[in-house]
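Undergrad: Take this structure, written in structure tokens, and hold onto it; I'll ask about it next.
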Amino acid sequence: MVERPFVENRLAVATAQNFGIIGNGRQYVLELSPNGIVEVVAFDTADGLYDCTWSEDNENILVSASGDGSIKVWDIAAPPMANPIRSLEEHSHEVYSVDWNAVRKDCFLSGSWDDTIRLWTVDMPRSLRVFAEHSYCVYNATWNPRHADIFASASGDCTVRIWDIREPRSTLVIPGHEYEILSCDWNKYNETMLVTGSVDKSLKVWDVRNPRQEVTRLLGHTYAVRRAKFSPHRENLIGSCSYDMTVCVWDYRAPEDALLFRYDHHTEFAVGLDMSTLVDGLLASTAWDESVFVWPQGMDPRA
């Protein structure tokens with residue numbers, strides 16, 4: 001699930017039947033209205049969808065990560081029968097992560113359960129490069145918001161790798177957790193700070209200049225942390241969602257009691273979380289309970 005970078009009241013949600021194990025998928029584009037959340041358009045797929053990302057160059061282009069190993073490219077301004085406008089088919093297992101480059105704006109990453117990350121542009125039928133150093137599933141790959149060539153990847157091999165696409169190999173390996181790392185995200189105001197979320201129930205904040213020891217460890221979730229996101233508006237805030245069905249907001253710089261808010265509005269695993277880049281404090285979450293919530297930080301999502 002991702003907020004739209006051009007329009008403050010739209011978001012995209014990638015979905016899958018039967019918890020993504022078997023069945024079809026659907027890519028939704030939703031809009032916030034005075035009457036609640038309404039559907040703008042939806043695209044059906046033969047397999048489940050696990051992630052999506054908006055183009056940073058064209059407000060109508062959206063990319064989805066599919067369980068059949070493909071990447072679907074949609075144009076929400078095109079007729080339904082014209083979509084997907086492209087299907088990129090190189091990964092050999094589920095694609096679990098996609099992320100558009102917000103600096104360069106012309107390319108995106110895909111991370112897959114085939115242990116690789118691939119670099120793409122929409123106008124090319126083949127990937128530009130394959131990054132193949134992880135030894136297990138890649139759950140997340142995300143661009144550095146300040147550098148056009150640098151990204152991080154989180155893997156089931158319990159490491160985070162930092163990559164520079166100008167270099168032949170990854171530039172840093174952080175053995176960040178004792179269990180699988182499901183998520184990572186860069187700080188939007190400090191280009192060296194990174195947060196990771198793991199099956200070990202914790203989040204860790206790292207300074208890549210000193211990777212031997214985390215800056216801080218955030219404890220409070222009781223099951224795996226599925227998603228961790230730095231706030232696009234406040235350097236010290238992190239959002240997370242977990243298989244414990246909660247969404248949490250943290251102040252990682254707080255000397256004690258870093259947990260600011262805990263939201264328990266979901267009734268199944270919380271698997272999607274994003275923070276609006278255009279509206280300060282606006283959160284959105286999704287879960288296996290088939291719901292989408294959008295709410296201002298500090299308010300009850302069910303209100």
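Coordinate-derived values only; no laboratory data. This one's a predicted model, so the numbers in the text were calculated from it and none came from an experiment. Using ideal geometry, Cβ is built from the backbone for each residue, glycine included, and neighbour counts are taken over all protein chains shown.
Undergrad: With r as the distance between the Cβ atoms of residue 93 and residue 191 and R0 = 35 Å, compute the FRET efficiency 1/(1 + (r/R0)^6) and round to 0.05.
TA: Numbers: r = 32 Å, r/R0 = 0.90.
According to the calculation, E is roughly 0.65.
Undergrad: How far, in nm, would the chain grow between residue 78 and residue 209 when pulled straight, counting 0.36 nm per residue and subtracting the alpha carbon separation? Could the numbers behind the result be given before it?
TA: On the way: separation 131, 0.36 × 131 = 47.16 nm, distance 4.52 nm.
Roughly 42.6 nm would be gained on extension.
Undergrad: Can you give me the C-alpha center-to-center distance between the stretch 21-92 and the stretch 130-194, rounded to a whole angstrom?
TA: 25
Undergrad: Magnitude of the Cβ-charge dipole of the chain, K/R +1 and D/E -1, about the Cα centre, nearest 20 debye?
TA: Computed charge dipole of the chain: roughly 540 debye.
Undergrad: Here is a further query. Taking the stretch 68-159, which trypsin sites (Lys or Arg not before Pro) meet the DSSP loop condition and have no more than 16 other C-beta atoms within 10 Å? Can you show the working numbers first?
TA: Values: sites: 72, 86, 104, 105, 118, 126, 129, 146; in loops: 104, 105, 126, 146.
Passing both the DSSP loop test and the Cβ count: 104, 105, 126, 146.
Undergrad: In nm, give the distance between the simple-model label positions of residue 8 and residue 123, each being 7 Å from the Cα along the Cα-to-Cβ direction.
TA: 3.3
Undergrad: Hey, another quick one. Whose amide H sits under 5 Å from the amide H of residue 116, counting only residues 5 or more places off or on another chain, with H placed in the peptide plane?
TA: Under 5 Å from the amide H of residue 116 lie the amide H atoms of 138, each far enough along the sequence or on another chain.
Undergrad: With springs only between Cα atoms under 10 Å apart, run a GNM on the chain and tell me which of 197, 23, 111 wobbles the most.
TA: 23
Undergrad: Binning every alpha carbon pair distance of the stretch 29-128 at 10 Å from zero, what are the percents per bin?
TA: Pair shares across the bins are 16, 48, 30, 6, 1.
Undergrad: Same structure again: For an R0 of 22 angstrom, estimate the FRET efficiency from the Cβ-Cβ distance between residue 164 and residue 217 and round to the nearest 0.05. All intermediate terms of the calculation are to be shown ahead of the outcome.
TA: On the way: r = 27 Å, r/R0 = 1.23.
Given R0 = 22 Å and the Cβ-Cβ separation, E is 0.25.
Undergrad: Hey, quick one: spin label on residue 236, modelled 7 Å out along Cα-Cβ, who in the stretch 242-260 has an amide N within reach, i.e. under 13 Å?
TA: Within reach of a label on residue 236, which here means backbone N under 13 Å from a point 7 Å along Cα→Cβ, the stretch 242-260 contributes 250-260.
Undergrad: When only C-alpha pairs under 8 Å and at least 6 residues apart count, what is the relative contact order of the stretch 114-271, in percent?
TA: On the way: 413 pairs, mean separation 19.7, N = 158.
Here the relative contact order equals 12 percent.
Undergrad: Here is a further query. Subtracting the Cα-Cα distance from 0.36 nm times the residue separation, let me have the gained length for residue 39 to residue 130 in nm, one decimal.
TA: Contour length minus the Cα-Cα distance gives 29.2 nm.
Undergrad: Translational diffusion coefficient, Stokes-Einstein: compute it for the stretch 80-135 using the Kirkwood radius over C-alpha pairs as Rh, at 20 °C and 1.002 mPa s, and state it as an integer in µm² s⁻¹. Before the final figure, lay out the partial values.
TA: Numbers: Rh = 12.1 Å.
Answer from the Stokes-Einstein relation: 177 µm²/s.
Undergrad: Identify, among 81, 11, 190, the residue whose Cα sits farthest towards the positive end of the charge dipole of the chain, taking +1 on the Cβ of Lys and Arg and -1 on the Cβ of Asp and Glu, with the dipole about the Cα centre.
TA: So the residue we want is 190.
Undergrad: Okay, next question. Full extension from residue 303 to residue 259: what is 0.36 nm times the residue separation minus their Cα-Cα distance, to one decimal in nm? Mind showing how you got there, number by number?
TA: On the way: separation 44, 0.36 × 44 = 15.84 nm, distance 2.16 nm.
Full extension of this stretch gives 13.7 nm more.
Undergrad: Which of 103, 138, 249 moves most in a GNM of the chain, Cα contacts under 10 Å?
TA: 103
Undergrad: Moving on. How high is the relative contact order of the chain, given as a whole-number percent (alpha carbon pairs under 8 Å, six or more residues apart)? Each step should come with its number before you reach the end.
TA: Numbers: 877 pairs, mean separation 27.0, N = 303.
Reported as a whole number, the value is 9 percent.
Undergrad: Mind checking which lysines have their C-alpha under 29 Å from residue 105, skipping anything on the same chain fewer than 8 residues away?
TA: 72, 188, 204, 229
Undergrad: Shifting gears a bit: So how far apart, in nm, are the two label points at residue 21 and residue 46 if each is 7 Å from Cα heading toward Cβ?
TA: Going from the residue 21 label point to the residue 46 one covers 2.3 nm.
Undergrad: How large is the Rg to Rh ratio of the stretch 133-294 when both quantities use alpha carbon positions and Rh follows Kirkwood?
TA: For the stretch 133-294, the value is 0.95.
Undergrad: Hey, any idea what Rg/Rh is for the chain, computing Rh the Kirkwood way over Cα pairs?
TA: Working: Rg = 17.7 Å, Rh = 19.0 Å.
Checking Rg against Rh, the ratio lands at 0.93.
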